[in-house]
Amino acid sequence: MSTIDVNQQFNEQRAALVKSSRARRRTDGTYTATVGYDAGEVIGRDGLDTTRGSAALYTSTPAWHGLGTVIPGGISDVPTVLRTGQIDFEVEKRPAEFVYNGVRRSVPDQFVTVRSDSGDPLGIVGARYQTFQQRQVFDFLQDLADSHDVLWESAGATRGGRRVFVTMQIPDSIVIDRGGLDDEIRLFIVAVNSHDGSSQMEVLATPWRVVCANTERFALRDAAYRWSIRHTTGALDRFEEARRTLGLTLRYAEAFEDEQNALVRTDMAIDDFHAVIADLWPLDDDATDRSRTIARHRTERLDALLRTEIERVGRNAYAGERAITDYLDHIAPRRPRKSMSEEIARATALIEDTDGERKTQAHQRLMLLRR
């Protein structure tokens with residue numbers, strides 16, 4: 001069985017980018033290039049909390065930045081994850097006060113959220129705001145999965161502890177063409193909680209394992225389903241509603257698996273593939289000779305990738321989708337910015353998901369080939 005894992009692909013591309021640009025990490029969690037870019041240009045950001053002197057991250061798999069504590073395969077013991085991820089602090093509400101002319105005054109119905117380990121202020125909240133402690137989030141996810149033997153994939157904090165994340169894997173992965181290709185796609189349940197009053201807690205179904213600020217953003221962006229929880233009394237007790245959302249997540253996984261299996265079962269002639277290419281990269285009737293040459297070379301490269309995929313998965317629409325994805329990720333020409341190599345430009349495009357819309361268009365167009 002082969003595994004399609006966006007996390008591994010992202011890690012490899014980001015690590016290559018950091019290495020090739022000889023990037024250095026700054027105290028704010030950003031990475032600046034020392035070669036290959038304009039001097040001091042920011043190429044990435046992990047954003048991890050370093051209040052205790054090291055990155056607040058536990059992960060079952062090494063991350064691109066090499067930070068945090070890695071426990072291969074993951075563990076289920078919550079206290080160990082809390083301690084290892086450096087999120088074993090509580091959050092307290094203290095009255096918002098200030099001193100004016102030597103007199104201490106308080107702001108009515110306003111409170112400061114404070115870390116119990118460092119005393120650092122995290123945000124300003126109202127009287128009705130209910131703090132969600134880290135342990136409560138873990139308990140919530142265990143009840144959501146109806147299991148207390150969950151293997152935790154990652155946990156940590158960003159923005160000085162203002163945001164905390166927890167990732168667990170959905171037990172059943174998506175498997176395309178079971179018993180045949182057996183291509184596996186993993187999905188995760190991620191909880192992202194804020195302590196500064198800026199947002200609700202969110203529970204997501206996503207293909208991303210959160211290990212930094214970037215992957216947190218990707219997880220939110222690519223969530224198949226999400227369930228928001230307001231910071232109010234009793235909000236974490238709404239398990240049945242959350243379980244219904246998890247049911248939607250599993251149905252999404254089943255629907256996605258069905259679509260990919262449909263592509264596997266859909267025969268595709270070379271003319272069909274060329275028609276999809278023409279839709280993705282339209283060529284005007286009055287196109288220049290240079291544009292026509294570029295289009296011909298693109299088609300030749302895509303045809304070569306398709307032949308490779310056909311040998312692996314057969315002459316079907318799924319092979320077409322894999323060929324187009326491979327072309328966009330690894331072969332499509334990139335225009336480097338000043339002082340940027342094409343290799344770095346390609347890695348940046350993949351990291352920023354520049355071709356996400358075109359990949360979606362390709363999937364939708366190939367689905368139309370079903371008969």
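The values are calculated or read from the model by the stated rules, or taken from the named source; none is laboratory data. Please read these numbers as outputs of a predicted model, since none were measured by experiment. Every residue, glycine among them, receives a Cβ derived from its backbone with ideal geometry; neighbour counts consider all protein chains shown. SASA here: full protein model, heavy atoms, side chains in, ligands and nucleic acids out. Shrake-Rupley method; radii C 1.70, N 1.55, O 1.52, S 1.80 Å.
Odds and ends about this structure:
- By the compact-protein rule of thumb, 2.2 N^0.38 Å, the alpha-carbon radius of gyration of the range 1-145 corresponds to a ratio of 1.38.
- In nm, spacing of pseudo-spin labels at Ala96 and Arg83 (7 Å Cα→C-beta vector): 3.7 nm
- Note on Arg298: accessible area approximately 40 square angstrom, rounded to 10, probe 1.4 Å, nucleic acids and ligands left out.
- Length released on extending from Phe256 to Glu241, taking residue separation times 0.36 nm less the Cα-Cα span: 3.1 nm
- Volume in Å³ per residue [convex hull over Cα atoms, computed for the range 117-160]: 109 Å³
- Approximate spin-label separation Thr293-Thr308, in nm, with each point projected 7 Å along Cα-to-Cβ: 2.5 nm
- The value for the range 74-213 of Rg(Cα) / (2.2 N^0.38 Å) is 1.31.
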